[in-house]
Amino acid sequence: MLPNSFRIAAAFVLGAFALGSAHAQAPESWEAGKHYFLIDPPVATRTPGKIEVTEAFSYGCPACNFSLPAVDKLARSLPPNAVMNYVPASFNPAEDWPLFQRTFLTAQALGLPLEKTHHAMFDAVWKTHELATMNADGRTLKNPQPSLEEVAKFFVGMGVKAEDFTATASSFTINTKMKQADAYIKATGVDVTPTIIVNGKYRLTTTSAGGDWDKASQLVLFLVNKESSAK
């Protein structure tokens, strides 16, 4: 049996082949409960004056890796009153997601720029395999999974001392931020990655939006405009 994240990825991979094809037309009306889902109660946002578009993701998620170009494109397409941010999920411990959650939050705490670390981490897991969770056969999980020490060694290449990375990653602050990320994932109803949250009020995936990132991006922009109008 394929690992859980590969089964989850299938729906996203099928839809993602639409990238680069002719632009799909949005439906005449997006329906709540069908194309997107209301988050009740809404979750507080953290960027005053901006509409937040949040990707729930994991570096260990193959669908997130596959979707990275589309998410980057979505971030670039947002209007000036909207901002893209990211919340790492940890609900798949068998594939090291808690470690990758800790890694993302540690890089933030150390002040490392997202543009320097985000793609690098995906590449380390899925391209260079320095931090791969899967064996070379692509079907079975590595045992043991990547460790914090291996991640710290990887970040030495980004100018961070291994001992500084490890100390920060093991700190009370990062443990607290991990609990906050888990609470956000639970409060927004995220149960698959990647999932997009708009302004703490609306949840959607490529599947709910109609099967590909082109449609999902149109839906995100629709919801951003909806929030802009409400303000």
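Odds and ends about this structure:
- For the stretch 160-178, the tally of residues that are free of Cβ contacts under 8 Å to residues at least 12 places away in the same chain and of a type in the set (D, E) stands at 1.
- Those residues of the stretch 72-108 which are touching a Cys at 6+ places or on another chain (Cβ under 9 Å) and among the aromatic types (F, W, Y), in sequence order: W97, F100
- Candidates in the stretch 133-146 are the residues that are more than 12 Å from F100 (Cβ to Cβ) and modelled with pLDDT of 95 or more; of these, the one that is surrounded by the most Cβ atoms within 10 Å (Cβ to Cβ) is M134.
- In summary, W126 fulfils each of the numbered conditions (1) of a type outside the set (S, T, Y); (2) free of Cβ contacts under 8 Å to residues at least 24 places away in the same chain; (3) crowded, with 18+ Cβ neighbours inside 10 Å with the single exception of condition (2).
- A residue that is in contact with a helix residue (DSSP H, G or I) (Cβ under 7 Å, 6 or more places away or on another chain) and surrounded by fewer than 19 Cβ atoms within 10 Å (Cβ to Cβ) occurs somewhere in the stretch 196-207.
- Residue that is in contact with a Phe, Trp or Tyr (Cβ under 8 Å, 6 or more places away or on another chain), open to solvent by less than 50 Å² (accessible area, probe 1.4 Å) and within 18 Å of L112 (Cα to Cα), where the choices are F154, F165: F165
- Among residues of the stretch 39-69, those that are under 22 Å from T133 (Cβ atoms) and either of a type outside the set (F, W, Y) or in a loop (DSSP other than H, G, I, E, B) (or both), counted: 13
- Check on F91, part of a loop (DSSP other than H, G, I, E, B) and open to solvent by 30 Å² or more (accessible area, probe 1.4 Å): yes
- Restricting attention to the stretch 30-47, the residues that are open to solvent by less than 80 Å² (accessible area, probe 1.4 Å) and touching a strand residue (DSSP E or B) at 6+ places or on another chain (Cβ under 8 Å) total 9.
- When S229 is tested against (1) closer than 17 Å to C64 by Cβ; (2) part of a helix (DSSP H, G or I); (3) open to solvent by 70 Å² or more (accessible area, probe 1.4 Å), only condition (1) is not met.
- Restricting attention to the stretch 171-195, the residues being of a type outside the set (S, T, N, Q), open to solvent by 60 Å² or more (accessible area, probe 1.4 Å) and not in a loop (DSSP other than H, G, I, E, B) number 5.
The values are calculated or read from the model by the stated rules, or taken from the named source; none is laboratory data. What you see is a predicted model; the values in this text were computed from it and never measured. Glycine also receives a Cβ, built like all others from the backbone with ideal geometry; neighbour counts cover every protein chain displayed. Heads up: the accessible areas ignore ligands, DNA and RNA and are worked out on the full protein's heavy atoms, side chains in. Shrake-Rupley method; radii C 1.70, N 1.55, O 1.52, S 1.80 Å.
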